[in-house]
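Everything below concerns the one structure shown next.
The values are calculated or read from the model by the stated rules, or taken from the named source; none is laboratory data. Predicted, not measured: the structure shown is a model, and the values here were computed from it. Positions of Cβ are backbone-derived with ideal geometry, glycine not excepted, and every protein chain shown enters the neighbour counts.
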Amino acid sequence: MYKTEAIVLRGIDYGETNKIVTLLTRDFGKLSVMAGGAKKPQSRLTAASQPFTHGHWILYGGGKGMLRASQAEVIESFRSIREDLYKTAYTAYVMELTERFVEEREPSQGLFFLVLNMLHQIAAGKDAEILIRIFEIKMLRVAGIEPDLLHCTHCRKEISLAVRFSIRLAGPLCESCHDADPQAIWMKPAVFKLMRLFQMIDISRIGTISVQDEVKRQLASVIRQYYDEYTGVTLKSRHFLEQMDRYKL
Ligand SMILES: [Zn+2]
């Protein structure tokens, strides 16, 4: 039997009354769990199985078969996110990114609290776009493909600032190497500084970060191109976010 806190990354219907939920657990990493009866309105599992709900779970079984949920209780349902289209869209992206990047049964409390803190900060009404950028940068570390922002990616010299970022060489270029990759992206110094800050910042301690629109756009673009080159994942929820931005929904 397993007892753990978890966040529901996603749930898919299974049969008439069951759900298979993907949990990010605090103690056992990502797990797929059969939640029997989780589609029945009177089941206690129903509320706890909703996407991005934080709860206490008791699981049993396993071995070669799928784990089953015997009990689950809601700790926080994040109603303020559910009642807001934007917050829901950003949160769906956080859940999908986590689901796709994390292997099953690789426990990481750091990751669990990173995702949980994201939920709390989005719910609290912090700038979700900036939060998402921080999360994207931090997830590159989880995936083992984080760029080194302390050194020039070409000559390895330590740098304090960079105005070009090479996607192909996976990092910033110093002044003497800035043409090492003709396709390297030009960016405002603020973009580089934020990327560095975001690698280190603790999400639970973020106050107000005010960022110019142009800097936000460049930051999103650099990270987007980096993801496209190195992760090879397409995310439905990101497409929706981009549409939302484009049409200023
Ligand atoms: Zn260099």
Q | The listed residue being at pLDDT 95 or above, in a helix (DSSP H, G or I) and more than 11 Å from the ligand (Cβ to nearest atom), out of Q183, Q121 | A | Q121
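Pick out the one residue from F192, F198 that is closer than 26 Å to L241 by Cα, within 16 Å of the ligand (Cβ to nearest atom), of a type in the set (A, V, I, L, M, F, W, C) and assigned by TED's automatic domain parsing to the domain that holds L97. Let's see the steps before the verdict.
Values: F198 fails: within 16 Å of the ligand (Cβ to nearest atom).
Residue meeting the stated conditions: F192.
Working only within the stretch 143-161, note down all residues that are in a loop (DSSP other than H, G, I, E, B) and within 9 Å of the ligand (Cβ to nearest atom).
First pass over the stretch 143-161, keeping only residues in a loop (DSSP other than H, G, I, E, B): 143-150, 152-157, 159-161.
C152, T153, H154, C155, R156, K157, I159 - these are the residues of the stretch 143-161 that are in a loop (DSSP other than H, G, I, E, B) and within 9 Å of the ligand (Cβ to nearest atom).
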Q | Test: residue in the stretch 193-210 that is at positive phi and outside any helix (DSSP H, G or I) | A | no
Q. Is there a residue being part of a loop (DSSP other than H, G, I, E, B), surrounded by 16 or more Cβ atoms within 10 Å (Cβ to Cβ) and at pLDDT below 95 anywhere in the stretch 236-243?
A. no
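Give me the residue from the stretch 131-177 that is small (G, A, S) and over 25 Å from the mean Cα position of the chain (by Cα) and, out of that set, surrounded by the most Cβ atoms within 10 Å (Cβ to Cβ). Before you say what the answer is, go through the steps one by one.
Here is the first cut: in the stretch 131-177, the residues small (G, A, S) are 143-144, 160, 162, 166, 170-171, 176.
So of that shortlist, the ones also over 25 Å from the mean Cα position of the chain (by Cα) come out as 160, 162, 176.
Numbers: S160: 9, A162: 26, S176: 11.
Among residues in the stretch 131-177 that are small (G, A, S) and over 25 Å from the mean Cα position of the chain (by Cα), the one surrounded by the most Cβ atoms within 10 Å (Cβ to Cβ) is A162.
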Q | Hits in the stretch 49-63 (condition: among the polar types (S, T, N, Q) and either out of contact with any Phe, Trp or Tyr (no Cβ under 8 Å at 6 or more places or on another chain) or loosely packed, with under 14 Cβ neighbours inside 10 Å (or both)) | A | S49, Q50
Q. In the stretch 211-224, how many residues are farther than 17 Å from F135 by Cβ and in contact (Cβ under 8 Å) with a residue 24 or more places away in the chain?
A. 3
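Scan the stretch 143-157 for residues that are in contact (Cβ under 8 Å) with a residue 60 or more places away in the chain and over 16 Å from V191 (Cα atoms) and report the count.
Qualifying residue count for the region: 2.
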**Q.** Matching residues in the stretch 166-180 - criterion: being within 14 Å of the ligand (Cβ to nearest atom) and under 13 Å from Y226 (Cβ atoms)
**A.** S166, L169, A170, G171, P172
Q. When the stretch 129-166 is examined, which residues are found to be among the acidic types (D, E) and either at pLDDT 95 or above or not assigned by TED's automatic domain parsing to the domain that holds L114 (or both)?
A. E136, E146, D148, E158
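This table checks each residue for (1) surrounded by 15 or more Cβ atoms within 10 Å (Cβ to Cβ); (2) assigned to a strand (DSSP E or B).
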residue: V8; (1), (2): yes, yes
residue: G11; (1), (2): yes, yes
residue: K19; (1), (2): yes, yes
residue: K30; (1), (2): yes, yes
residue: K39; (1), (2): yes, no
residue: A47; (1), (2): yes, no
residue: G65; (1), (2): no, no
